[in-house]
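The values are calculated or read from the model by the stated rules, or taken from the named source; none is laboratory data. These numbers come from a predicted model, not from an experiment. Cβ atoms come from the backbone with ideal geometry, glycine included; neighbour counts cover every protein chain shown. When the accessible area is computed, the model is the full protein with side chains, heavy atoms only, and any ligands, DNA or RNA have been set aside. Shrake-Rupley method; radii C 1.70, N 1.55, O 1.52, S 1.80 Å.
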Amino acid sequence: MEKLVALCKRRGFLFQSSEIYGGLQGFWDYGPLGVELKRNVKAAWWHDMVGGHNELVTPPGAPGTYEMTGLDCTIIMHPQVWKCSGHYDLFHDHMVDCRETRKRYRFDQVRGRWVEAKDQKIFVTTTVEADEEQADVQRRALKFFKLRPKDAESLKYDGDFATLDSVQEQEKVLGPDAKELGTLTEPREFNLMFKTTIGALGGEADTAFLRPETAQGIFVNFKNVLDSSRMRLPMGIAQIGKSFRNEITPRNFTFRSREFEQMEIEFFCHPDESHKWYSYWRDRRLQWYKDMGLSSDRLIMREHAASELAHYSVGTADIEYAFPFMAEGEYGELEGVAHRGDFDLRSHMEGKLDPKTKPMEVEKNEHGQPKHRGSGKDLSYRDDLTGEKYIPHVVEPSAGADRATLAFLCQAFSEDEQPDEKGKMQTRTVLKFHPRLAPIKAAVFPLVKKDGMPEKAKEIYGMLKEKMSTFYDEKAAVGRRYRRQDEAGTPFCITVDGDSLKEDTVTIRDRDSLKQWRVATKDLVAELTERLS
Ligand code: ATP
């Protein structure tokens with residue numbers, strides 16, 4: 001992972017936000033290569049889910065035909081949206097504060113181990129990444145017991161790593177940055193929505209929120225989309241956009257950021273059909289990650305147990321990936337696919353529903369009135385063929401553009417041994433992106449910077465640049481130029497040599513197999529276009 005992080009910075013995939021001022025935790029900027037990669041991830045998703053979807057044909061595994069369309073909603077919405085959606089009351093994590101260091105941690109992310117020395121047993125905690133946990137706990141335990149590194153063997157460990165919630169005796173806990181025991185507070189709720197103020201007056205009534213998900217923009221526009229597009233159910237509305245969550249402990253590179261992009265679909269269907277659509281979307285979305293190059297043995301589908309589900313839901317599954325910064329056997333969520341019943345549309349009609357009631361009823365305040373009033377608008381659907389009127393059920397495949405981009409980077413990163421110009425074996429770093437995702441599709445090199453080769457190469461570059469993201473390079477030995485493109489993940493390098501001028505042909509070199517072959521210049525665009533799709 002360290003090598004990948006270094007490569008991302010060196011080659012301009014990712015930078016820490018505001019780095020010259022020391023950075024801002026949980027915020028990341030995409031550099032010149034990163035922006036292309038992430039745009040390609042989003043474009044592939046949009047094309048495969050929305051733009052390229054043929055509503056006249058039943059896709060393999062689908063219960064029938066369906067329509068797809070898109071939206072682009074605002075980040076700041078009416079505050080009532082978040083009250084009815086449940087985010088205002090319920091969107092929180094548990095945090096603990098350290099009385100000694102004044103630092104704050106997410107309760108479920110503090111892990112530790114029982115350690116005994118000098119007749120005292122304490123629970124030493126840490127928040128570092130999985131592969132450094134043991135070293136950190138040992139270092140802190142030695143310091144606490146005033147032992148030297150050479151005394152490490154005198155530390156006795158009881159049990160494996162565990163989370164803080166497994167510990168009953170809080171007075172024996174050594175907080176992640178504390179010197180004393182028992183400095184962590186009881187866990188408290190912390191709402192993850194960023195607050196902002198609308199207008200110049202800035203009273204409590206002007207408080208608004210940066211959206212923590214894009215989904216609600218789709219629900220509140222459901223009627224607008226139906227009325228303006230004459231679409232029929234089943235149909236999905238997709239949106240890609242920024243979301244914001246004030247994560248207590250952002251970590252693991254871009255995996256948990258405070259500002260990130262989501263790619264969400266709300267799929268509306270008849271309640272009797274929702275089970276089948278849920279299964280379809282779950283399988284479809286898992287397959288998409290495989291088609292884009294994530295290996296099957298690093299992907300899992302984790303179905304939530306029935307006890308974890310709200311009663312209105314037939315299922316929720318997380319698509320998870322074995323990110324290299326996670327402990328062996330652990331996976332991180334790439335996407336959640338949830339069956340949400342009619343919870344969201346009804347909440348925006350009637351007022352925030354109490355998901356614990358069956359059938360669901362509007363949650364009341366102490367005066368017996370709705371705790372959060374809905375819009376009062378009718379968000380039901382009338383089927384013009386059957387005349388049936390109903391509130392659609394929703395299946396929600398909700399993906400993160402940044403997490404997907406990070407997974408594609410982790411999967412693509414590889415090292416092999418290849419001979420350099422002098423035949424000496426050298427380590428080659430290569431990003432083996434799926435060609436659809438690669439930031440640069442082709443690089444054009446004149447073999448040498450003379451004999452008319454640069455002129456010919458520039459002509460070819462101009463021709464390719466019209467069609468795809470292309471890079472021109474005439475500096476340094478050709479082997480070095482290949483290496484630079486391998487590191488950027490460019491699938492094809494085109495070399496112009498002496499024969500190119502005589503025969504009007506070029507050499508294509510494949511990034512992964514390193515095979516080289518000649519094609520006529522006139523066939524180059526067609527050949528590359530086919531290989532890139
Ligand atoms: P987690 O449990 O990891 O916090 P979540 O279950 O809260 O995630 P959802 O609310 O289901 O996530 O959001 C849908 C998707 O949005 C996630 O699968 C993930 O890809 C992305 N996402 C959510 N939170 C973040 C974040 N802080 N940084 C980057 N991506 C995120």
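Annotations
- Considering the range 379-399, the residues that are part of a loop (DSSP other than H, G, I, E, B) and open to solvent by 70 Å² or more (accessible area, probe 1.4 Å) include one that is nearest to the ligand (Cβ to nearest atom), namely E388.
- Residue in the range 280-287 that is assigned to a strand (DSSP E or B), within 16 Å of the ligand (Cβ to nearest atom), touching a strand residue (DSSP E or B) at 6+ places or on another chain (Cβ under 7 Å) and not basic (K, R) present: no
- Matching residues in the range 1-22 - criterion: being out of contact with any Pro (no Cβ under 8 Å at 6 or more places or on another chain) and not hydrophobic (A, V, I, L, M, F, W, C): E2, K3, K9, R10, R11, Q16, S17, S18, E19, Y21, G22
- Whichever residue in the range 437-485 is in contact with a Lys or Arg (Cβ under 6 Å, 6 or more places away or on another chain) and over 17 Å from E527 (Cα atoms) and, among such residues, is surrounded by the most Cβ atoms within 10 Å (Cβ to Cβ): F445
- Number of the exception - I494 against (1) part of a loop (DSSP other than H, G, I, E, B); (2) within 20 Å of T429 (Cα to Cα); (3) hydrophobic (A, V, I, L, M, F, W, C): (1)
- Qualifying residue in the range 400-414 (condition: within 16 Å of the ligand (Cβ to nearest atom), farther than 18 Å from L7 by Cβ, out of contact with any Ser or Thr (no Cβ under 7 Å at 6 or more places or on another chain) and in a strand (DSSP E or B)): yes
- Strands (runs of 3 or more DSSP E) completely within the range 1-95 that count 2 or more residues being among the aromatic types (F, W, Y), within 16 Å of the ligand (Cβ to nearest atom) and out of contact with any Cys (no Cβ under 6 Å at 6 or more places or on another chain): 28-30
- Residue within the range 282-294 that is closer than 29 Å to T65 by Cα, hydroxyl-bearing (S, T, Y) and touching a helix residue (DSSP H, G or I) at 6+ places or on another chain (Cβ under 6 Å) present: no
- From R251, R232, residue being of a type in the set (D, E, K, R), within 13 Å of the ligand (Cβ to nearest atom) and not in a helix (DSSP H, G or I): R251
- Criterion: crowded, with 21+ Cβ neighbours inside 10 Å, more than 26 Å from P59 (Cα to Cα) and either touching a residue at least 24 places away in the same chain (Cβ under 8 Å) or charged (D, E, K, R) (or both) - qualifying residue of P234, P250: P250
- As for the range 166-178, it holds at least one residue that is under 30 Å from Q120 (Cα atoms), hydrophobic (A, V, I, L, M, F, W, C), part of a strand (DSSP E or B) and more than 14 Å from the ligand (Cβ to nearest atom).
- Residues in the range 11-40 that are surrounded by 16 or more Cβ atoms within 10 Å (Cβ to Cβ) and without any contact (Cβ under 8 Å) to a residue 12 or more places away in the chain: R39 only.
- Selection status of E266, within 30 Å of M1 (Cα to Cα), charged (D, E, K, R) and either touching a residue at least 12 places away in the same chain (Cβ under 8 Å) or within 9 Å of the ligand (Cβ to nearest atom) (or both): no
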